[in-house]
Every structure is written in structure tokens, then in C-alpha cells.
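Trainee: Take this structure first; my questions come after.
Nothing in this text is a laboratory measurement; each read-out follows from the coordinates by a stated rule. Quick caveat: nothing in here was measured; it's all calculated off a predicted structure. When we count neighbours, we look across all protein chains shown, and the Cβ atoms used for this are built from the backbone with ideal geometry, even at glycine.
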Amino acid sequence: MIDNAMTIDARIPVPRFIDAAHKGQIDAIRAYDEGRARFAHLIWHRRARKTTLAINLGIRECCRHSNYTVRHILPTRTQAEEVVWNDPNMLFSYPPPAQFGYWKPSVSNLTIRFSNGSRYVLDGADKLADARRGISGDLFILDEWAFHENAYVYDGLIRPILTEDVRKSCWFLSTFNGLNHAYEMWVKALADKSPDTYCNMLKASESGVLSQAELDKARKEMPIPLFQQEFECLPMSASDMVLIQVHQIERLKNINHGFADVRKIISIDPAFEGDQCILMAMENNRVLEKQAMHPDRTGEIVGAALAMGTRWDTRNYIVDEIGLGRGVSDGLSEIAGMNVQGFCSSELAKESTPKMANRRAEAWWYTMQQIVEGRCPYIEDAELRRQLCSVRYTVPRGHVQMELKSKVRGRLGRSPDDADAFVMGLWGLQHVDPEHDGPGMSRPRIFIPAAAGMGGMV
């Protein structure tokens, strides 16, 4: 059903508009129809139904005009396909009114063609930027604008088109993502006195879209800077975007730790995208030993890992199995018979609040919670502290994503290999059985493969 408040002009057919449209959506559409939103800058909180608004506006304009092109651009082609095209609650849940005849979808180019010659095109900024090709369109929608890699698609491709034809429009929809190009454009738009520029900020505390219980839960589970950015539209600074803060680690000095059981693990990060392979022995969230090795010598890594396990009386290992890590994991589990947890950092994370992009983000978030809640002893290793407090995060489309090692290396000159090993070990400790240390405990007899150059029993 069409919300009555949306019947701005009865002569203009409106598709099945947003059920129970909220005031922000209504005001934005009205501003567009009145000619006040040729350039619309909407900074809305997470789950404020920005994309739903974009879809409805786009379909409506395709119905209103013949041979009209709406180009709806997300940060990546993958997002365009997965978030809008494949989600049954998005694009295809809002068909045009019957009097407009058929609409024909094309999966290969993510395009819907209308019987009046109009097109609704989904695109990814990554593909457009790579192609460096000219594009056409009448209404451009830059969705999740703050999470586009840069401003090239607008500055280099879209803005010249808008300059040539004042009938064409562009909408920018997003939450903030730090003080990047989207924030700078928002500041400029606010200062713009042009009658065709529309700015609207929608905070969760004011919109009424989310319940107070939902907001309270999110506030409790998220770092304050992230909550403020995602729900109250306050952009984080670069320092805010570091997941683990220095002061959080320093507070651990004042906490006495006691564990009912002893849990141990050897964490191995084989340096996929890193500088070196890190082996780290851990006991109850505390680092016992750290060893750096050349990342390409699988046999030596396996031998060193087994020797470390012998020194610390544990058969428990966790290995990042991406790339060379698979060989290390197989050597420990299949040849030496150790208890190995395979850790795939790119694996999709389980549903959680907030949502995680992958297993690596999930493990980093868990580590942050352990530190904030005082469940870790103070981290004595200065280099490890530095790395833990250096890795940043973003929240594209509401999913926490940790900064790639390659980007950290480019920014700091070194990969956070120590930190990733620690985070992975902490994650693995929660999945191992207690090892009841005490007098008379015997060391496990471990076979070290001859490939490591150290064959024999120890």
C-alpha cells in the first residue's frame, strides 16, 4: 500500500512505495518533486532504509519518463549484485504499476528494461573506475557514498554529465566513514546556497525508525565512536577508527586475573599478505613465547611449531589456512597428530551484532571485547601493543571489516603479523579443552618430521 503522505501528485503514478514511509523519506521525495533536490546529500543512520528510498525513486522515475536511465552505483559490483539485485526484499519487491507494462531484467549487466524504453542500471564504482569509460544516465544514485574507494566516479565520470544537462540529477546516500571524501562533500553541500541542493541528516535518536531497545543494545555492544558514527551521524577521526585503543590496554595493568582452568595454544600466522610467519605460544590470554620465521619454509615452520608445543606442554594449535598455511596445518594435524584448528580469515562470519564481514573481523572484535572487559593480562610486548592499537576498521554496509594487512603495511611500513597471531590465538583459546598442569604432568611425545631437518621423538 502507498502511504497517503506520499501521494504528492495524484497524476504521477507511484510504485508500491515504502511501507510505512518515514518522514525523512517523504521529505526527500517531496524536495525532489519540487525541484529542490537535484543534488541530494542524505547522511542517514544505519538501517534508515536509504537504499529502499533510492530503489523506489529510481523505479518511479523510470515509469514517469520514456527512455530514461537511472544508474544506481554501489562501492563494488559485488555489493550491487548481492545487496540489491539478489536480495528478494530489495529491487524486485517494488515492481512498477501494471499500466507500465513489462520490465525485463538482464542478469549479465544488472539492468532492468522498461516497456517505455527506460532502464534501471546497477553498477559498482570499482568496475566503473577501472574501465575509465564514459557512462550515461539521467538520475545517478551513489549509494554508500562514504564507502566508495574515492571520489573518481563522481568527479571524473558523473559531474561532467551533470554540467552538460541541468535536467540530470545525482543523489548521495550514506552514513559517514571517517573524515573522507563523503564528509568533505557534505560540508561543502551544507555551505552551498543553491536552490537545487538538498541536505538532510537523520539520526537514530531522532528518526523513530529503530526502537530504543535496539539502540540501547547497539550502544552497549559497540565502541562509542562507532556507535556515534553509525547511528548518530558523527564521523570518526582516524584515531577513533582504530578498534583497540591504547588506554584500553593500559587499564589492564590494574586488573588481577585468575583462571579456573589452564588453556594453552600455539598460534601460527603463516604471513599471507604479511612480512613474516609468527609463532606464538599462549596460555589463558597471555603470551608465553613469540618466534618469527621466514614465511616460505613450511617444513621448518612445522618443526619449530612442534618444538614450541613441547616446550609449553600443549598439543593445541590454530593456523590461518589461507595460502601456505594449509601445508603447515596438514603437517601438524595429519603427520604429527596435533589438535589443529583451521582458521580461515576470509570465511564469512556468523550472524552477530554488530555484523562482521568475515572471520578475521570476528576475531579482532572478540579480542577487543576481551581487552575492554579486562579478561586479558597486561600485554608486556611493546611491539604487539603497538600493532594491536594500529589496525583500523570500517563498516561498509553495516559489516565491520578490518583494515587489510597490505594497507597497514603501506601506512605504517610493516604488517601487523604479531597482532594477527595474537588475535587468532585468543580466538582459538576459547575452543580448546583445559590442560590441567601440575606436578608429575608428562610432556607429550611429539614426532618432528624429517622434512623439518629435526626428525625424531622428543
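Trainee: Could you check the spin-label model distance between Asp165 and Ala238? Points 7 Å from the Cα along Cα→Cβ, value in nm.
Mentor: For Asp165 paired with Ala238, the spin-label model returns 4.1 nm.
Trainee: Of the beta bridges DSSP finds with both residues in the range 246-457, what % are antiparallel, to the nearest 5? Mind showing how you got there, number by number?
Mentor: Working: 17 of 27 bridges.
In the range 246-457, approximately 65 percent of DSSP beta bridges are antiparallel ones.
Trainee: So, one more: Please compute the contact order of the range 85-211 in relative form: average sequence separation of alpha-carbon pairs under 8 Å and at least six residues apart, divided by the residue count, as a percent.
Mentor: On the way: 103 pairs, mean separation 20.0, N = 127.
Relative contact order comes out at 16 percent.
Trainee: Can I ask one more? Show me, for the range 112-117, the HN-Hα J-couplings you get by feeding each phi into the Karplus relation (A = 6.51, B = -1.76, C = 1.60, θ = phi - 60°), rounded to Hz, glycine and proline as x.
Mentor: For the range 112-117, the Karplus curve yields 10, 9, 9, 5, 8, x Hz.
Trainee: Is there a quick way to get the dipole size of the range 4-224? I mean about its Cα centre, with the Cβ of Lys and Arg at +1 and of Asp and Glu at -1; what is the value in debye to the nearest 20? Walk me through the numbers before you get to the answer.
Mentor: Working: 29 positive and 26 negative charges, 69 e Å.
About 340 debye.
Trainee: Same structure again: Where in the range 29-103 are there GluC sites (Glu not before Pro) that are in a DSSP coil and have at most 15 other Cβ atoms within 10 angstrom of their Cβ?
Mentor: Working: sites: Glu34, Glu61, Glu81, Glu82; in loops: Glu34.
Qualifying residues, ordered by number: Glu34.
Trainee: Follow-up question, since we're still on this one. Could you tell me the center-to-center distance, by alpha carbons, between the range 16-65 and the range 230-249 in angstrom?
Mentor: 30 Å
Trainee: Let me ask something else. Give the relative contact order (percent, whole number) for the range 4-224; include only Cα pairs under 8 Å separated by 6+ residues.
Mentor: Details: 346 pairs, mean separation 63.5, N = 221.
Dividing the mean separation by the residue count of the range 4-224 yields 29 percent.
Trainee: Determine the gain in length on full extension of the stretch Met90-Ser106; use 0.36 nm per residue of separation and subtract their C-alpha separation, reporting nm with one decimal. Walk me through the numbers before you get to the answer.
Mentor: Numbers: separation 16, 0.36 × 16 = 5.76 nm, distance 1.60 nm.
In short, 4.2 nm is gained.
Trainee: Let me ask something else about it. Where a Cα-Cα gap under 12 Å defines reach, which aspartates and glutamates qualify for Lys350, not counting those fewer than 8 residues away within the same chain?
Mentor: The reachable aspartates and glutamates, counting only those whose Cα sits under 12 Å from Lys350, are Glu362.
Trainee: Also, I was wondering about something else. Under the classification rounded if a/c is under 1.5, otherwise prolate if a/b is larger than b/c and oblate if not, where does the range 4-224 fall, given a ≥ b ≥ c as square roots of the Cα gyration tensor eigenvalues? Kindly include the intermediate steps, with their values, before the conclusion.
Mentor: Values: a/c = 1.35, a/b = 1.17, b/c = 1.16.
Verdict is rounded for the range 4-224.
Trainee: Turning to a different aspect of this structure: Evaluate E = 1/(1 + (r/R0)^6) for Arg411 and Glu149, where r is the Cβ-Cβ distance and R0 equals 22 Å; express this FRET efficiency to the nearest 0.05.
Mentor: Numbers: r = 15 Å, r/R0 = 0.70.
Efficiency computed from Cβ-Cβ geometry: 0.90.
Trainee: Here's a follow-up. Using the Karplus equation 6.51 cos²θ - 1.76 cosθ + 1.60 (θ = phi - 60°), what ³J(HN,Hα) coupling, rounded to whole Hz, does each residue of the range 298-305 give in order, writing x for Gly and Pro?
Mentor: So the Karplus estimates, Gly and Pro as x, are 4, x, 5, 5, 4, x, 5, 5 Hz.
Trainee: Need the full-extension length gain, Asp296 to Cys344, defined as separation in residues times 0.36 nm minus the C-alpha distance. One decimal, nm. If you can, show how the numbers build up before the last one.
Mentor: Values: separation 48, 0.36 × 48 = 17.28 nm, distance 1.86 nm.
Net length gain for the segment: 15.4 nm.
Trainee: Suppose a student asked you for the relative contact order of the chain, using Cα pairs under 8 Å spaced at least 6 residues apart; what percent would you report?
Mentor: Numbers: 827 pairs, mean separation 65.5, N = 458.
About 14 percent, as a whole number.
Trainee: To the nearest 20 debye, what charge dipole does the range 247-333 have about its Cα centre, counting +1 at the Cβ of each Lys and Arg and -1 at the Cβ of each Asp and Glu? Spell out each step's value before the answer.
Mentor: Details: 10 positive and 13 negative charges, 82 e Å.
About 400 debye.
Trainee: For Glu82 and Asp381 in one chain, what is 0.36 nm times their gap in residues minus the Cα-Cα distance, to one decimal in nm? Could the numbers behind the result be given before it?
Mentor: Working: separation 299, 0.36 × 299 = 107.64 nm, distance 4.18 nm.
Value of the extension gain: 103.5 nm.
Trainee: For the chain, evaluate the Debye formula with one uniform point scatterer on each Cα (no solvent term) and list log10 I(q)/I(0) at q = 0.06 Å⁻¹, rounded to two decimals.
Mentor: With no solvent term, the Cα-only Debye profile gives -0.35.
Trainee: Would you mind telling me the antiparallel percentage of the DSSP bridges in the chain, rounded to 5? Display every interim value, and only then the final one.
Mentor: Working: 25 of 61 bridges.
Roughly 40 percent of the DSSP beta bridges within the chain come out antiparallel.
Trainee: State to the nearest 20 debye the size of the charge dipole of the chain about its Cα centre, where the only charges are +1 on K and R beta carbons and -1 on D and E beta carbons. Display every interim value, and only then the final one.
Mentor: Working: 55 positive and 58 negative charges, 203 e Å.
For the chain, the charge dipole is close to 980 debye.
Trainee: Say a site is exposed when it is one of the trypsin sites (Lys or Arg not before Pro), sits in a DSSP loop, and has at most 11 other Cβ atoms within 10 Å; what is then the longest site-free stretch of the chain?
Mentor: On the way: sites that count: Arg11, Arg132, Arg133, Arg167, Lys193, Lys350, Arg445.
Counting only loop sites that pass the neighbour cut-off, the longest clear stretch is 194-349.
Trainee: Under a crude label model (7 Å from the Cα following the beta-carbon direction), how far is Gln212 from Lys355 in nanometres?
Mentor: Distance between label points: 2.7 nm.
Trainee: Something else now. Grab the beta carbon distance between Asp196 and Ser136, set R0 = 25 Å, and tell me the FRET efficiency rounded to 0.05.
Mentor: So, using R0 = 25 Å, E works out to roughly 0.75.
Trainee: Direction-averaged shadow area of the convex hull around the Cα atoms of the range 135-250, nm²?
Mentor: Numbers: hull surface 36.5 nm².
Taking the Cα atoms of the range 135-250, their convex hull projects to 9.1 nm² on average.
Trainee: Distance check, please: which entries in Lys127/Lys203; Lys50/Lys127; Lys127/Lys407 exceed 28 angstrom between their Cα atoms? Intermediate results must be reported in sequence, preceding the final value.
Mentor: On the way: Lys127/Lys203 32 Å; Lys50/Lys127 22 Å; Lys127/Lys407 20 Å.
Where the Cα-Cα span goes over 28 Å, the pairs concerned are Lys127/Lys203.
Trainee: Now for a separate question. Given a Förster distance of 51 Å, report the FRET efficiency between Ser205 and Asn256 from their Cβ-Cβ distance, rounded to the nearest 0.05.
Mentor: Working: r = 38 Å, r/R0 = 0.75.
That gives a FRET efficiency of 0.85.
Trainee: Which Cα, out of Asn200, Ser118, Ser136, lies furthest along the positive dipole direction of the range 4-224 (beta carbon charges, K/R +1, D/E -1)?
Mentor: Sorting the options by dipole projection puts first Ser118.
Trainee: Which of the three applies to the range 246-457, rounded, prolate or oblate, going by the alpha-carbon gyration tensor with a ≥ b ≥ c and a/c under 1.5 meaning rounded? Can you show the working numbers first?
Mentor: Values: a/c = 1.74, a/b = 1.28, b/c = 1.36.
Since a/c reaches 1.5 but b/c is at least a/b, the shape of the range 246-457 is classed as oblate.
Trainee: Check cross-link reach from Lys253 to the aspartates and glutamates: straight Cα distance under 14 Å, and skip same-chain residues fewer than eight apart.
Mentor: Correct list for Lys253: Glu373, Glu380, Asp381.
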